[in-house]
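> Below is one structure. I have some questions about it.
The values are calculated or read from the model by the stated rules, or taken from the named source; none is laboratory data. Remember, predicted model here, so these are calculated numbers, not experimental data. Cβ placement follows ideal geometry from the backbone for every residue including glycine, while neighbour counts extend to all protein chains displayed. Each accessible area value is taken on the protein alone, full model and side chains, heavy atoms only, with ligands, DNA and RNA left out. Shrake-Rupley method; radii C 1.70, N 1.55, O 1.52, S 1.80 Å.
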Amino acid sequence: MSFDSLGLTEALLKAIQKKGYTQPSPIQLKAIPRILEGKDVLASAQTGTGKTAGFTLPMLQLLAEGHQLRQRPVRALVLTPTRELAAQVFANVKEYGEYLDLRSAVIFGGVNQKPQVNQLRRGVDILVATPGRLLDLHNQGVLSLAKIEILVLDEADRMLDMGFLRDIQRIMSVMPERRQNLMFSATFSKEIKKLAQSILRYPVLVEATPENSTVDAIKQKVYRVAKGLKTALIIKLILDGDWTQVLVFTRTKHGANKLCKKMINAGISASAIHGNKSQGARTKALAGFKKGSISVLVATDIAARGLDIPLLPHVVNFELPNISEDYVHRIGRTGRAGASGEAISLVSADETTYLRDIEKLVGFKIPMEIIEGFEPDPNASTAPIKQGQKSNRSRQGNRSNSGSSRNQKSGNNSEGQKRSNRRRPKRNKNRRSSDRRN
Ligand code: AMP
């Protein structure tokens, strides 16, 4: 099946050709024709399936065919949970829309709002945004969403995980009721289904990968290892394997920094990416990783969400996530768009329960190995790690959901733990939403 048969116009086919895509991915094949028909779509798709083109191409076509107003009010809004994903989607919108007369912009927090405001004042057709900064600018009267024709919620599950439900509801309330809605989510929890029901009208269901399944192309492996030997093991794996592009996950920001330092000391070019890093530092680290000047990117779950690093060969879980679905998201960074990849997890005794939960979720037992000299500690307890007891650092950073002293007292520096508190987000009236999360 080729792109020609999907009903896309010449301008878009030319852009697709320039990108070098020869055939549509399964999600594109299923979603593009239905979106072009004007249907609401609920799509189950992970990052790496080509979902961005799946909604961007038909969105661009519908907007280009539609009635263009001279002032260029925002007619399409793409909401994403993270700044990085917003930047990536925006880059895609620009590329796919190269041969169309449509203007687009991206807005997110953590950076000066002035250039964003200037751009919005000049008029844009498509806006890619994270919820906090969008609401900020809307509240300041810089932009109107009254002419929205198409709304895309990208990575909706992660938006809920990050406590954006109320922001999303607020954004909905300032949009026209008649519009086309497209919702993409890697997982389908009860909350996601409820959100879908409240937003989508008679949606067409589109599935690219079965729920919570891991991509076949990814080779998964567990190394059982003593906790204290993990750093030495990962350094050995990277050096012996001559790995030049590895994404490593830690559970905490502090852990990411610590591991990164040790890698640098071992002569490996590494950088950390997490919520306490400035936007500039995050962008720089990601750019370095993509172009190859940094071999190892050490990330926490939230920071890594949605990163598009084509053909990433290695993902290492230095620590397993305490939320099993995050395992699927993490290893989805490798084996992208049909390429093969390897996902390795270093598992110590106290992560035994997490591993069991993950295996239950993915539906099979992940092959296990022990490397000589890096054996697990036979005397270590298999009781799960108690979240919040390891670090006494105060919660800080631009993704913190709440500034409440009650939460600060818990002293938890784990992003995973924070998310388990995120079901009922609290608001701190004194802080602007974009400062908090975006
Ligand atoms: P996404 O799931 O949207 O993050 O896309 C994952 C990667 O697949 C990106 O690097 C895209 O450029 C790439 N991609 C998207 N569609 C195709 C396609 N039809 N053929 C090959 N690569 C694609």
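> Restricting the search to the stretch 312-361, which residues are more than 16 Å from the ligand (Cβ to nearest atom) and either in a strand (DSSP E or B) or closer than 13 Å to Lys219 by Cα (or both)?
If the condition is that a residue be more than 16 Å from the ligand (Cβ to nearest atom) and either in a strand (DSSP E or B) or closer than 13 Å to Lys219 by Cα (or both), then His314, Val316, Asn317, Glu342, Ala343, Ile344, Ser345, Leu346, Val347 are the ones that fit.
> Still on this structure, I have one more. Specify which of the listed residues (Arg336, Arg330) is modelled with pLDDT under 85 and touching a Phe, Trp or Tyr at 6+ places or on another chain (Cβ under 7 Å).
Only one candidate qualifies: Arg330.
> If Met1 satisfies all but one of (1) hydrophobic (A, V, I, L, M, F, W, C); (2) in a loop (DSSP other than H, G, I, E, B); (3) surrounded by 21 or more Cβ atoms within 10 Å (Cβ to Cβ), what's the number of the condition it fails?
Going through (1) hydrophobic (A, V, I, L, M, F, W, C); (2) in a loop (DSSP other than H, G, I, E, B); (3) surrounded by 21 or more Cβ atoms within 10 Å (Cβ to Cβ) one by one, Met1 breaks only (3).
> In addition: Looking at this structure, is Asp308 among the acidic types (Asp, Glu), at pLDDT below 75 and either more than 13 Å from the ligand (Cβ to nearest atom) or open to solvent by 10 Å² or more (accessible area, probe 1.4 Å) (or both)?
Judged against the criteria, Asp308 is a match.
> I need the full set of residues from the stretch 113-135 which are open to solvent by 10 Å² or more (accessible area, probe 1.4 Å) and polar (S, T, N, Q), in order please.
Listed by number, the residues that qualify are Gln113, Gln116, Asn118, Gln119.
> Please name all residue pairs, on different chains or six or more residues apart, with Cβ atoms under 9 Å, provided the first residue is in the stretch 240-261 and is of a type in the set (Gly, Ala, Ser) and the second residue is assigned to a helix (DSSP H, G or I).
Ala256/Ala303
> Taking the condition modelled with pLDDT of 95 or more, of a type in the set (Val, Ile, Thr) and either assigned by TED's automatic domain parsing to the domain that holds Gly332 or more than 22 Å from Arg179 (Cβ to Cβ) (or both), does Ile16 pass?
In short, yes.
> What single numbered condition from (1) within 13 Å of the ligand (Cβ to nearest atom); (2) assigned to a loop (DSSP other than H, G, I, E, B) fails to hold for Thr52?
For Thr52, the failing item is (2).
> In the stretch 68-79, is there at least one residue being within 13 Å of the ligand (Cβ to nearest atom), within 22 Å of Arg330 (Cβ to Cβ), within 16 Å of the chain's Cα centre (by Cα) and open to solvent by less than 10 Å² (accessible area, probe 1.4 Å)?
No, the conditions are met nowhere in the stretch 68-79.
> Out of all the residues in the stretch 157-181, which are without any contact (Cβ under 8 Å) to a residue 60 or more places away in the chain and either touching a Gly at 6+ places or on another chain (Cβ under 9 Å) or of a type in the set (Ser, Thr, Tyr) (or both)?
Of everything in the stretch 157-181, just one residue is without any contact (Cβ under 8 Å) to a residue 60 or more places away in the chain and either touching a Gly at 6+ places or on another chain (Cβ under 9 Å) or of a type in the set (Ser, Thr, Tyr) (or both), namely Ser173.
> For residues that are under 20 Å from Glu149 (Cα atoms) and part of a loop (DSSP other than H, G, I, E, B), scanning just the stretch 8-38, find the one that is nearest to the ligand (Cβ to nearest atom).
In this case the residue turns out to be Leu8.
> Any residue at all in the stretch 291-299 that is within 16 Å of the ligand (Cβ to nearest atom), part of a helix (DSSP H, G or I) and modelled with pLDDT of 85 or more?
Checked the stretch 291-299: at least one residue is within 16 Å of the ligand (Cβ to nearest atom), part of a helix (DSSP H, G or I) and modelled with pLDDT of 85 or more.
> Has the stretch 243-253 got any residue that is at pLDDT below 95, open to solvent by 20 Å² or more (accessible area, probe 1.4 Å), away from the ligand (no atom under 16 Å from the Cβ) and of a type in the set (Val, Ile, Thr)?
yes
> Kindly evaluate Ala87 against the criterion of being under 21 Å from Val117 (Cα atoms) and open to solvent by 10 Å² or more (accessible area, probe 1.4 Å).
Answer is yes for this residue.
> Residues Thr244, Thr283: which one is among the hydroxyl-bearing types (Ser, Thr, Tyr) and assigned to a loop (DSSP other than H, G, I, E, B)?
Selected residue: Thr244, the only one of Thr244, Thr283 that is among the hydroxyl-bearing types (Ser, Thr, Tyr) and assigned to a loop (DSSP other than H, G, I, E, B).
> Spot the failing condition for Asn112; the list is (1) out of contact with any helix residue (DSSP H, G or I) (no Cβ under 9 Å at 6 or more places or on another chain); (2) within 16 Å of the ligand (Cβ to nearest atom); (3) not in a helix (DSSP H, G or I), and only one is missed.
(2)
> Also: Would you say Ala105 is closer than 25 Å to Gln169 by Cβ, more than 16 Å from the ligand (Cβ to nearest atom) and in a strand (DSSP E or B)?
yes
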